[in-house]
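Undergrad: Quick one: the structure is below, and I'll ask about it shortly.
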Amino acid sequence: MLRAAVRTAPRLGRAHSTAAEAFRHVVMQRHAAAAFDATRDVPEAILEDIMQLTRRAPSSFNIQPWTCVLVRSAAQRELVGRAALSESNRRRVMDAPLTAVFCADLEPAHALPRVKAEAIARGKDARQVEDLELAVGYYATHGKLASLVKGVAANALSPVAPAPQPEGRRAWAYKSAMLAAQTYLLAATAHGLA
């Protein structure tokens with residue numbers, strides 16, 4: 001069945017297959033590092049490129065409810081290492097020339113002015129931009145009343161079968177931070193850092 005799907009799939013141009021091959025190479029090169037070289041200098045231009053790519057991680061409404069902190073000093077890495085779940089992870093944090101710490105933002109509504117300004121700059125319709133506040137409010141609210149309203153709305157909008165219950169703000173922020181961290185890892189791998 002898979003072979004038939006591949007045979008009948010539309011043929012893509014060489015540029016598409018080259019991009020897919022490059023992506024496949026990066027994904028296949030990514031692995032958990034057993035050790036790091038603490039003396040290795042990571043150029044600022046490479047870090048900036050990795051962070052630019054990380055900012056492209058998927059995020060509902062481009063809210064990006066996460067923050068990435070690059071921890072460079074040995075004293076700060078020691079503090080981060082104390083939070084590691086195992087001695088081997090603590091050692092990796094200390095051996096790496098820097099450690100990226102991703103934090104989920106549980107109050108993402110503060111990003112609305114930035115997101116609105118970016119949407120307007122990209123030529124989005126003003127009504128769509130104003131609807132962002134309602135949409136973000138839907139995801140970013142929490143508590144029993146908010147959960148009840150979300151559940152009723154989801155079921156009302158899905159007349160055939162009950163829709164899955166919307167996730168809470170915390171889960172939404174954690175998932176977004178995880179997507180950003182994965183994008184960071186792939187970008188670091190593409191630069192030969194993993």
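Undergrad: Spelling out what I want: for every residue of segment 93-103, take phi, set θ = phi - 60°, compute 6.51 cos²θ - 1.76 cosθ + 1.60 (Karplus), and round to whole Hz; glycine and proline get x.
TA: 4, 6, 7, 6, x, 7, 10, 9, 10, 9, 10
Undergrad: Contour minus end-to-end for Ser73 and Val101, with contour as 0.36 nm per residue of separation and end-to-end as the Cα-Cα distance?
TA: Between Ser73 and Val101, full extension yields an extra 8.7 nm.
Coordinate-derived values only; no laboratory data. Computed from a predicted model, the values in this text were never measured in an experiment.
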